[in-house]
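What follows is a short report on a single structure.
The values are calculated or read from the model by the stated rules, or taken from the named source; none is laboratory data. Because the structure is a prediction, the values reported are computed rather than measured. Here the Cβ positions follow ideal geometry from the backbone for every residue, glycine too, while neighbour counts run over all protein chains shown.
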Amino acid sequence: MTRCSKLVDVGRRQFLRGGAIAAAGAAAAVAAPPPSRAAIPGARVDYPSTRLANLADLKPDDPLDVAYPDDQAPGVLLKLGRKVEGGVGPDGDIVGFTTTCPHKGFPLSYAAASRTFNCPGHYSVFDAEQGGQQVWGHATQNLPQYVLRVDAKGDIYAEGLDELLYGRLSNVL
Amino acid sequence: MAYKRQIDRLPIIPADARRQNVVCQFCIVGCGYHAYSWPVNRQGGTEPARNAFGVDLAKQQPAETAAWYAPSMYNIVKQDGQDHHLVIKPDKACSVNGGLGSVRGARMAEMSFSEARSTQQQRLTDPQVWRYGQLQPTSWDDALDLVARVTAAVIREQGEDGLIVSAFDHGGAGGGYENTWGTGKLYFGAMKVKNIRIHNRPAYNSEVHATRDMGVGELNNAYEDAELADTIVAVGTNALETQTNYFLNHWVPNLRGSSVAKKRQMLPDEPHEAARIVVVDPRRTVTVNACEIEAGKDRVLHLAIKSGTDLALFNALFAYIADQGWVDRAFIDASTTHDAPPRPALYPAHGVSDAKPGHLTSFEAAVEGCRLSIEEAAKITGLDPKDIVKAAEWIAKPKDGGKRRRTMFSYEKGLIWGNDNYRTNGGLVNIALATGNVGRPGGGVVRMGGHQEGYVRPSDAHVGRPAAYVDQLLISGRGGVHHVWACDHYKTTLNAHAFKSAYKKRTDMVKDAMNSVPWGDRDLMVETIMAAIRQGGLFAVDVDIVPTRIGQACHVVLPAATAGEMNLTSMNGERRMRLTERYMDPPGQALPDCLIAARLANHLERVIRDAGDAAYADQFKGFDWQSEEDAFMDGYHGHAGGGEHVTYERLRAMGTNGFQEPATGFEGGRIVGTKRLYTDGTFSTQDGKARFMDAPWRGLQAPGKSEQQAAYRFLINNGRANQVWQSAYLDLQNDFVMERWPFPFIEMHPDDMAELGVGQGDLVEVFNDAGATQAMAYPTPTARRGETFMLFAYPMGVQGNVVNAGTNELVIPNYKQTWGDIRKIADAPKAVAGTSFKSKEYSAG
């Protein structure tokens, strides 16, 4: 018990003196070394930073096929033409989603008229403008969305996901 | 922003994890699942030998894989007081769902009580009593002693009619054979309680008296019949949302044509093609859309009738089919009555008595009695006459070679909670009987169902018919004590405004009285409560798994266990009986309902004996059960038809496929069941002959409906939504669901919204002569002008507030035919900001 409390205290002190940032830096350092060195597994999976496209590649309402975090995980980048929460890019309108339905793993199609992802397997519908919220359907999670970053050159990177992908018990295999 | 769990990996089920049978606790379909559990300090691995699936989990798994589970299928729960990982995932080998999980059932794990992961912390953990002005935890003996003393005192003064009971009668969570027997033995065995109602209606009655009176039990076919039918008729049922995996796994293959090979193999002597479907529903539902996607629009006939006119449609179809000679004469001759007694004197306005609102008769007499021309029916229903003829052809016109068309008739709350329930139910069964579609492959005339079923009780004959309108008794000050078992009338009754107002007043009288007495003086407490009851007060006892709206009015709240926290048996919509095994501890002191009933019976016996009434006390013997299995053996095993063949051990071995009731034997280690009822043409009447019903159309039957229709602008049609169907009581603490439906939606045509100055997500008030409620406006271009559809039984806006008290003769509520006006209350609140208002309909591109 005593030891436990001390650990909690250490955490608290680090946080109070701004240690959270230092800790994040340390985590990155742990991930970086070559695999030969035994590392303590992270509390979360380490997502790759993957360049998916450049701003110039995207046209409004025209989904660009991509894959993330690996080529077994199809998805799209989408320029919606209006700012949405979680959107990136100069207009805050670029989002990325998996296109594998989180219900039974069927490939979703993008319906431009409604800006939804629709599943031909069991008719589920996900709203691309509302963070992938399931408008109607059978999945017990909303559509996994990419965490995106755009650099100074306009390159768009995916650097994470916010829900578990269908068909894998770890988002990074 | 959409709710996201930020879960990027899950613990892997180890190869040696415990695996138990689970049947979804929520809806009638009863999908098969397995519960995997293992100690919290262990985990499996990605290598095939280290996980329960024997596959390499370091690889992406394909669509429809069994080797994946969503975060909602995972939790940490207690087993024998120790934390264990729990995964509840769909079973591919279950014939009901074939591995499909619904948006409800696939959240069973996440909606389990978990201290480690803080889920369902709302669950009741201790008995609670009204002490010092609020509900306080106490011991079982303390709570049950008070309940027994007050109940016994009320019975002494008012007789057993002074005890009013509201109780589930179904299967699945909040029910099951164990618990219906437990409560049934208490109220119908030890006592003969007459003033009792069921969870969703204000009396103790069947929702489908008519079909039963005609000799046709309402769950008479097998889910496979939906794969074999030439035509499916769906009346007032939105199966994609409310019998989801029955629809997906058994209707869709037939609509797609993928069951044609099976038809050819099982029914070789007739032509086969993909199914046609006739959907009778005033509203375009997601079911209609899915049927069109799968079958093509030319094979889907959506009959969007005027609300409440189903009977006119059925009667026209019946007469037309009879006139064309598209009937099964041999079946009618052999299996239905030829006795045609004269009509009751006041028919068709009234039956011979309120107990018999229809007139049972022969085929010929029924055809003439029901007769309505296509044109007359078109006028009443608002349909195109050509569509009514087309429906008749799809239902009954012989196939090539003169072969009889196999048509399956399904119906649910659109009919059951609809206008003139008794005759409308009879009108549909007429068509099924005339066309020989009962007891045959590809046929059936069946309820789609709500909960699973799980009814075994001593006789309810003393209740009478029509049964007492219990809500009216409570509103009018009758009764002194109210026992409530897993019901929440504040959310799910009709005339709810008046009910809540009267109920609160009466129960507050008792609360105020209790506040004036020290808790420790039990004699004085009971005396004080009784004095308040004599003044019109009501002492209320609530048994439930979660805090409820009606529970806020109650003086004693008793915590129950739910499915999986106890062994629980039920049967689904094709009478498929399975055992859900106990895979976790109930929260705190919670007990299975059957054991709560037993302990209450024990206390009543003691209290009544102490009061000197030994003979009455003796009636409460026979409740010495120590486990739910004891209740099962006493109840189902001892009293259900075929129950002698059924034990827990045998059910465990039968897995998630179980058997179809009734059991007829036990052979080769398996319980032998019954795939379809009435295959021998002998029906559930004394002479074995089915009855037709002379059931003429008589307009809107329930009191006050026509006047309401004339007075208000909008139809307030109402029903369910897939995310919260039979699960809303737990969904209230599920972020995924609550973000989607922070308020009940009301689907409205965008032009109606514009006229009222209402935007999407705005809160509107729905109001009429019965009361008022609120909903969130959901623009729906497919809605007809002036016709809305509101989510039913949702606590953040109770639709029952605006349903008037009118019922049919047998006290069946008429929720669907409700009219009201609508006005804006407020702009969309913050909770609505993350809600999508796009069409719920799937489109191909």
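Hey, does the range B:123-132 have a residue that's of a type in the set (Phe, Trp, Tyr), surrounded by fewer than 21 Cβ atoms within 10 Å (Cβ to Cβ) and more than 25 Å from residue B:75 (Cβ to Cβ)? So that I can check it myself, show each step before the final result.
So in the range B:123-132, the residues of a type in the set (Phe, Trp, Tyr) come out as B:130, B:132.
Filter again for surrounded by fewer than 21 Cβ atoms within 10 Å (Cβ to Cβ), leaving B:132.
This time we only want the ones that are more than 25 Å from residue B:75 (Cβ to Cβ), so: B:132.
Yes; the residues of the range B:123-132 include at least one that is of a type in the set (Phe, Trp, Tyr), surrounded by fewer than 21 Cβ atoms within 10 Å (Cβ to Cβ) and more than 25 Å from residue B:75 (Cβ to Cβ).
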Legend entry - Residue tally, condition more than 7 Å from every other protein chain (Cβ to nearest Cβ) and farther than 24 Å from residue B:291 by Cβ, over the range A:118-138: 2
Legend entry - Counted residues, the range B:662-688 - those being exposed (fewer than 14 other Cβ atoms within 10 Å of the Cβ), on the phi < 0 side of the Ramachandran plot, assigned to a loop (DSSP other than H, G, I, E, B) and more than 27 Å from the chain's Cα centre (by Cα): 3
Inset, instruction - Would you point out the residue of the range B:796-845, among those that are more than 22 Å from residue B:495 (Cα to Cα) and of a type in the set (Phe, Trp, Tyr), that is surrounded by the most Cβ atoms within 10 Å (Cβ to Cβ)? - result: B:842
Legend entry - residue B:66, sole failed condition from (1) surrounded by fewer than 19 Cβ atoms within 10 Å (Cβ to Cβ); (2) within 14 Å of chain A (Cβ to nearest Cβ); (3) farther than 22 Å from residue B:653 by Cβ: (3)
Inset, instruction - Mind listing whichever residues of the range B:225-238 are out of contact with any strand residue (DSSP E or B) (no Cβ under 7 Å at 6 or more places or on another chain) and in contact (Cβ under 8 Å) with a residue 60 or more places away in the chain? - result: B:228
Inset, instruction - Please state which one of B:176, B:99, B:184, B:105 is in contact with a Cys (Cβ under 7 Å, 6 or more places away or on another chain), modelled with pLDDT of 95 or more and surrounded by 19 or more Cβ atoms within 10 Å (Cβ to Cβ). - result: B:105
Legend entry - Residues satisfying the stated conditions in the range B:370-411, i.e. small (Gly, Ala, Ser) and surrounded by 21 or more Cβ atoms within 10 Å (Cβ to Cβ): B:377, B:391, B:392, B:396, B:410
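Out of all the residues in the range A:123-143, is one or more part of a loop (DSSP other than H, G, I, E, B) and within 12 Å of residue A:68 (Cβ to Cβ)? Explain how you work it out, then say what you get.
Taking the range A:123-143 and keeping what is part of a loop (DSSP other than H, G, I, E, B), we get A:123-124, A:128-132, A:137-143.
Imposing the further condition that a residue be within 12 Å of residue A:68 (Cβ to Cβ) reduces the set to none.
No, there is no match, as no residue in the range A:123-143 is part of a loop (DSSP other than H, G, I, E, B) and within 12 Å of residue A:68 (Cβ to Cβ).
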Inset, instruction - Evaluate the following for residue B:269: is it outside the structural domain of residue B:417 (by the TED database) and not hydroxyl-bearing (Ser, Thr, Tyr)? - result: no
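Residue by residue through the range B:779-801, note down the ones that are aliphatic (A, V, I, L, M) and under 16 Å from residue B:202 (Cβ atoms). Quick ask: steps written out before the conclusion?
Pass one, the range B:779-801, residues aliphatic (A, V, I, L, M): B:783, B:790-791, B:793, B:796, B:798.
Selection gives B:793, B:798.
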Legend entry - Hits in the range B:689-715 (condition: in contact with a strand residue (DSSP E or B) (Cβ under 7 Å, 6 or more places away or on another chain) and part of a loop (DSSP other than H, G, I, E, B)): B:689, B:691, B:702, B:712, B:713
Legend entry - Residue list for the range B:510-534, filter: touching a helix residue (DSSP H, G or I) at 6+ places or on another chain (Cβ under 6 Å) and surrounded by fewer than 19 Cβ atoms within 10 Å (Cβ to Cβ): B:517, B:528
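Could you name every one of the strands (runs of 3 or more DSSP E) located completely within the range B:735-845 that has at least 2 residues being of a type in the set (S, T, N, Q) and away from chain A (no Cβ under 14 Å)? Steps first, please.
Details: elements: B:745-748, B:763-767, B:772-779, B:787-791, B:819-826.
The strands (runs of 3 or more DSSP E) meeting that bar are B:772-779.
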Inset, instruction - Considering only the range B:219-245, state which residues are charged (D, E, K, R), part of a loop (DSSP other than H, G, I, E, B) and crowded, with 24+ Cβ neighbours inside 10 Å. - result: B:230
Legend entry - residue B:87, sole failed condition from (1) touching a Lys or Arg at 6+ places or on another chain (Cβ under 9 Å); (2) within 11 Å of chain A (Cβ to nearest Cβ): (1)
Inset, instruction - Check B:59, B:92 and return the single one that is within 27 Å of the chain's Cα centre (by Cα) and either assigned to a loop (DSSP other than H, G, I, E, B) or under 22 Å from residue A:73 (Cβ atoms) (or both). - result: B:92
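Could you list all residues from the range A:151-173 that are part of a loop (DSSP other than H, G, I, E, B) and more than 8 Å from chain B (Cβ to nearest Cβ)? Before you say what the answer is, go through the steps one by one.
Let us first name the residues in the range A:151-173 that are part of a loop (DSSP other than H, G, I, E, B), namely A:151-154, A:162-169, A:171-173.
Across the range A:151-173, the qualifying residues are A:151, A:152, A:153, A:154, A:165.
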